[in-house]
Amino acid sequence: MANGSTIPISYHSPVTLLPGVGRVRAAAYARLGITTLGDLLSHYPRAYENRGDLRLLADARPDGKSALLLTVATEPRVVRLRSHKSFLKFRAFDESASCEVVYFNQDYLKSQFPIGSTFRFYGKVERQGNRLSLASPVAEPWLPSAPPPPFAPIYPLTEGISQKQIAKDIATAMQLLAVENVDPLPAELRARRNLCTLAFAQRNIHQPTDRAALSIARRRLVFDEFFYFSLGASMAQKRDQTHGAPVCDQNDLSSFLSRLPYRLTGAQARAVEEIRADMNADIPMSRILVGDVGCGKTVGAAAAICIAVQSGRQAALMAPTEILARQHYADLAPLFASLGYACELLIGATTAAEKRRIKAALASSDPARRLPIVIGTHALLSDGVEFAAPGLVVTDEQHRFGARQRALLAEKNTHAHLLVMSATPIPRSLALVLYGELAISKIDEMPPGRQRVDTFAVDESYRARLNAFIAKQVAEGGQAYVVCPSIEEQEEPDECPLSELLEPIEYKEEKPPLKAAVTYAKELQAALPSLSVAFLHGKMKSAEKDAVMQEFSEGRIQVLVSTTVIEVGVNVPNACLMIVENAERFGLSQLHQLRGRVGRGTRKSYCILVAGSQGERSRARLDIMRTTYDGYAIAEQDLLQRGPGDFLASSPTGAVRQSGGLTFRLANTAEDTALLSDATADARALLNDDPELTRHPVLCQRVTDLFSIDAGLIS
Ligand code: ADP
Ligand code: MG
């Protein structure tokens, strides 16, 4: 390996260190989120081809690929076609039959298949009458004494990288890192929990010798994922406990509460009490306000903002979309104004002159001219936004922000109190790992008078009735949302879920045609000519989006066809019908969020899930939506079915910056619950005993590698 320098190779070393990985391939790797060798090693196969299940030609699978042991019978022959195309073909046989093997435009393979040699081929056998053929199979030389490994990894790919290259790069990275020598897990722990070595695990997750080895490897890596996450999260939380936040003790909320058009529910009042107590101290608050869609979290944020402002500090409220930021602004600015507090909106679409003015007002050293409250999007994180007297930062729909944005937010506000709101209910099994001992306020009670949103799952055959139903709801004065998957989603590869790792099967559900918002809005307008139908999607200009949203909330648009840009937070109480097209494409928690857009007013509301696909799986999923109305129960189901991706993105305060190595790639928090509790318990015990991990330097290094824990980031 050409590594002339003395820089030690570590998990942090760039992939460009690998022979043959230049700028182009590095860029391709970057698209997969891989920049370091560590990232590469934790780029696990999403599935495995079972090439160990050898079949006879006569018994080849009719519907998929088969592994076959065939002997070459004829000299490979190149057939040239016009337009520089060619194919290579030869015959091969086993004891049951013979077939023609064909490769396209790969003349150079000619010398690789001498007559009489035996290969393990892996490909799909095509049958035409009595003739069998095998097009472009994978071929591996067969030595009975040393057969090639039975499972071939299938990696998530991107353009510019092949399975072969990635497998080779991973093998090289493993050699370079010489994992044999360093296992960060204490030997005692490994023995007690019956875990294999890291070296074994890494080798066998990428290149399993057999099914049992794969399972042992996976168990160790899943344990590691939980263990490191738990260690890192606990360590980061400790650092949270430093002092230096502004004490916000002017917390009499009676005048604020008297201006609300309703009384707080018991759960809201409890949450507000908890926030009030936190902000009354000089330890920065790190509180998460969770609760089902529509439970009324916003008022908790407004109360916190009041406390900060009354105490002479500034407050920022950040939302993940412009639509939501504007809506908060429209709802809250008048409330704050009635209390005498100025509030401005800062989003990408704000004009440059306005931005300058707002920034100057935020940074003003003169308390009389200083702007106390700003509501916005991640534009609030941009350079030049400085607070003269920061007191509180609130993020709404926290899980929608990227890890980088959350880190930036924490970085910019080292001494502010932080309140995070999320409607993605965190299932209990995960809350433990994610939030540990962080403060959670849960609003577990709905405002009075809410009605259940009746939910139905239908298929295409209901289209006419569905349109009639829209017309009826609108005729009665209601409004409807129709949500379509976003157009980009069509490009998403249909990946075989990793959960099927140990049961390598090719899973493909027939993909229904997707309804794209713009086209569908036209169709629908044509079908319902007397209604006013409009569309909304993320790619529209901000001003256009606002105009449409505004018209919808004023009732001038009756049917809004949209992508999921309306998923979070949008509040138009007159809307009473939510139709989700291609509902099988959405996660359950997402469907629950969408359903939460209706049933916000006094109208009887409905959610209709239109499934294009009749698959068993999608039917079962939509059934959960029909029968379950509790966001937590739905989130648990989502976790079971889709893994923790969405939840993990919502690491609590943004204080923990996740690097590529720190996502649950293999772990399934719903199924691996025993490992989860073992790992969490072990991490806690270890930290009790050795809080800074000084006696476990290798482990400490690994945790730091995974979580870029940076003292400056967390106040
Ligand atoms: P979410 O928790 O989903 O963010 P919101 O804060 O948007 O929910 O509240 C949803 C709706 O419920 C809003 O229209 C809000 O005015 C209303 N609301 C909130 N709290 C109460 C309450 N205590 N009584 C009646 N209505 C309430
Ligand atoms: Mg909300």
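Residues whose amide H lies under 5 Å from that of C607, counting only those 5 or more places away or on a different chain, are D454, T455, F456, M578; hydrogens are built 1.01 Å from N in the peptide plane.
Database remark: amide H of L317 closer than 5 angstrom to the amide H of V374, I375, G376, V394 (H placed geometrically; neighbours at sequence offset of 5 or more, or on other chains; Pro and chain starts carry no H).
Amide H to amide H, with H built 1.01 Å from N, V125 comes under 5 Å of S66, counting only residues 5 or more places away or on other chains. Assuming 1.567 mPa s and 4 °C, estimate D for region 52-148 with Stokes-Einstein, Rh taken as the Kirkwood radius over Cα pairs, in µm²/s. Answer, rounded: 95 µm²/s.
Taking N as the residue count of region 1-81, its C-alpha radius of gyration divided by 2.2 N^0.38 Å amounts to 1.77. Solvent exposure of F119, expressed as accessible area, is near 20 Å², computed with a probe of 1.4 Å over the protein chains only.
Please work out the average accessible area per residue across region 52-148, using the 1.4 Å probe convention, and give it in Å².
I get 60 Å² per residue for this part.
Where does the charge balance sit around V222 when Lys and Arg score +1, Asp and Glu -1, over other residues with C-beta under 10 Å from its C-beta?
0
Apolar share of the accessible surface for region 52-148: 52 percent from carbon plus sulfur atoms, 1.4 Å probe. Phi angles of region 160-167 translate, via the Karplus equation with coefficients 6.51, -1.76, 1.60 and θ = phi - 60°, into HN-Hα couplings of x, 9, 9, 3, 4, 4, 5, 4 Hz per residue; Gly and Pro are given as x.
Using θ = phi - 60° in the Karplus curve 6.51 cos²θ - 1.76 cosθ + 1.60, the 3J(HN,Hα) couplings for region 576-591 round to 10, 9, 10, 10, 10, 7, 6, 4, 5, 7, 9, x, 5, 5, 5, 4 Hz; x is entered for Gly and Pro.
Per residue, the solvent-accessible area of region 331-377 (1.4 Å probe, heavy atoms of protein chains only, all protein chains present) comes to 46 Å².
Exposure check, 1.4 Å probe, all protein chains in place: D383 carries approximately 140 Å² of accessible surface. Using the empirical formula 2.2 N^0.38 Å as the baseline, the Cα radius of gyration of region 87-131 reaches a ratio of 1.20. Each residue of region 287-304 was assigned a 3J(HN,Hα) from its phi angle through the Karplus curve 6.51 cos²θ - 1.76 cosθ + 1.60 (θ = phi - 60°); the sequence is 10, 10, 9, 10, x, 4, 3, x, 6, x, 7, 4, 5, x, 5, 4, 4, 4 Hz, with glycine and proline shown as x.
Please calculate the 1.4 Å probe accessible area of T36, with all protein chains present, and give it to the nearest 10 Å². Estimated to the nearest 10 Å², T36 gives 20 Å².
Charge tally for Y262 (other residues, Cβ to Cβ under 15 Å; Lys, Arg +1; Asp, Glu -1): +3.
Heavy-atom accessible area with a 1.4 Å probe sorts K545, K522, K65, K359, largest first, into K522, K65, K359, K545.
When both region 165-221 and region 543-582 are represented by their alpha-carbon centers, they are found 50 Å apart. Over all other residues within a Cβ to Cβ distance under 10 Å of A67, the charged ones net out to +2, with Lys and Arg as +1 and Asp and Glu as -1.
The values are calculated or read from the model by the stated rules, or taken from the named source; none is laboratory data. All figures in this text were calculated on a predicted structure; none of them were measured in a lab. Positions of Cβ are generated from backbone atoms using ideal geometry, with glycine treated the same way; all protein chains shown enter the neighbour counts. We work out accessible area using only protein heavy atoms, side chains counted, and drop any ligands, DNA or RNA first. Shrake-Rupley method; radii C 1.70, N 1.55, O 1.52, S 1.80 Å.
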